[in-house]
Each structure stands twice: as C-alpha cells, then as structure tokens.
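What follows is a set of notes on a single structure, which appears directly below.
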Amino acid sequence: MDAERFWHRPGIVGGMLRHGITVLWPDRLHRAPSWDSEAEHLTAALPDDPVTVIAGSNGCSAAIRLAIASPARVERLLLAWPATAGDPQLDARTRLGLAELGAQPHVIDTLLAGQTLRGTTDDELATITTPISVLPSVPENLYHQRRTIDALLHTMPQAVELPGCPEPPHPEFPPHAESFVHTAVRFALT
C-alpha cells in the first residue's frame, strides 16, 4: 500500500487541498525493519514547524512512534482506522505475507510486537500529550477492529473519537470520502 493508493486516488488529498490545507503525503518506508525506522523516515519528510499528522491503518503505528520520538514536531494527531494488534488470525496472515515478501523472522517479530497498536506499548501511548483523535472503521473488519479504538480511548484519555467510515481503498469508501475530508479538515483546523 502506498500513499498514492491510500490517500490520493480516493480523493482525500484533493479534498483537503480544496479546503486550503497544505498536504504532504509521504510514502511509508519500503520494507522498514522497525516502526522506529518508519518514524525516522517520516521525520525527514516533515517541515521544521509542528504539523498535524493524519495517519491511516498501519501508518498509525508509524505516526505514534513519530509522536513519541519527536513530540515537538507533532501538533495534533489523527489515528484513522488504526490497525489492530495482537489478533492471532490477523497476525498469522500478516506474518505469512511478510515472510513471502522476504522479511526475516526477527523483523516480522519486531513489526508485530505491541499492545493496542503495533510498535508501541500502552505505557508509551499513555505518555503522549499531543491532542489526539481516533476514527474507527465502520463497519469494523479483521484488520481494523472496534476493540482497538476502545483500547486507544482507554489508554489515552485525552483522545476523542470522531465519526467512522470504511477505510480507503475499500470499495465502500467512495461515498464517505467527502465526509471524511470534512472531518479531517475540522480536525486539522481546530
């Protein structure tokens, strides 16, 4: 999955640009060995001033690592459709997929490790003071389960839940694209 397919083609980038929001949509690090390396990669793509970060699915883990490593760089954080961690069926599928791509077992273990979100512990999540909102996948699915949203809201009491929708590029997303853009714009401007 790349930023073009996840953020641009579904109309999210264009919609935010139409609302006057400056948008960067960097690709995640290709074949990253850890979530920390993903955060380093994202940090290099950021301007010097603090930014609002809108992350989707597994990108939420990278965004959390970014917020932990460089809290002064992240003004606000929206975790949209955060990927579920610790589900045996999902982890088995992901493990197999990563192995088929050539990932070494220790890298797979590193990428799957975590509590509520991959790549972080709940104690680390609790230290984040940045304003955070979470947006669930509606309807939930194996990859984006409701329990992940509930756990994030419990672990980070300052987090606010926003209205959910299917995640891009899910075939059910297009009718929700404009609503998601409005939600993301309101979040970015508040």
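The values are calculated or read from the model by the stated rules, or taken from the named source; none is laboratory data. Quick caveat: nothing in here was measured; it's all calculated off a predicted structure. Neighbour counts are summed over all protein chains in view; Cβ atoms, including those assigned to glycine, are modelled from backbone coordinates with ideal geometry.
What to note about this one:
- Identity of the residue in the range 38-67, more than 15 Å from the chain's Cα centre (by Cα) and small (G, A, S), that ends up surrounded by the most Cβ atoms within 10 Å (Cβ to Cβ): A45
- Within the range 152-179, considering residues that are touching a Pro at 6+ places or on another chain (Cβ under 8 Å), in contact (Cβ under 8 Å) with a residue 24 or more places away in the chain and assigned to a helix (DSSP H, G or I), the one surrounded by the fewest Cβ atoms within 10 Å (Cβ to Cβ): P174
- Wholly enclosed helices (runs of 4 or more DSSP H) of the range 9-113 bearing at least 1 residues small (G, A, S) and free of Cβ contacts under 8 Å to residues at least 40 places away in the same chain: 12-18, 35-45, 59-69, 88-100
- Tally, over the range 92-114, of residues that are in contact with a Leu (Cβ under 8 Å, 6 or more places away or on another chain) and within 23 Å of L66 (Cβ to Cβ): 6
Conditions tested, residue by residue: (1) closer than 22 Å to E167 by Cβ; (2) of a type outside the set (D, E, K, R); (3) out of contact with any helix residue (DSSP H, G or I) (no Cβ under 8 Å at 6 or more places or on another chain).
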site: P47; (1), (2), (3): no, yes, yes
site: T52; (1), (2), (3): yes, yes, no
site: S70; (1), (2), (3): no, yes, no
site: D87; (1), (2), (3): yes, no, yes
site: L96; (1), (2), (3): yes, yes, yes
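- Every residue from the range 128-147 that is in contact with a Cys (Cβ under 9 Å, 6 or more places away or on another chain) and assigned to a strand (DSSP E or B): V134, L135, S137
- For L135: the one exception among (1) surrounded by fewer than 22 Cβ atoms within 10 Å (Cβ to Cβ); (2) at pLDDT 95 or above: (1)
- Residues of the range 64-87 satisfying the condition of being of a type outside the set (D, E) and farther than 19 Å from D150 by Cβ: R65, L66, A67, I68, A69, S70, P71, A72, R73, V74, R76
- Any hit, the range 15-30, residues being at pLDDT below 95, out of contact with any Gly (no Cβ under 9 Å at 6 or more places or on another chain) and among the acidic types (D, E): yes
- Neighbours by Cβ (under 6 Å, 6+ apart or cross-chain): first from the range 120-146, closer than 18 Å to N58 by Cα; second part of a strand (DSSP E or B) and among the acidic types (D, E): V134/E161
- Filtered residue count, the range 68-93, keeping only those that are closer than 30 Å to V51 by Cβ and either among the charged types (D, E, K, R) or crowded, with 19+ Cβ neighbours inside 10 Å (or both): 14
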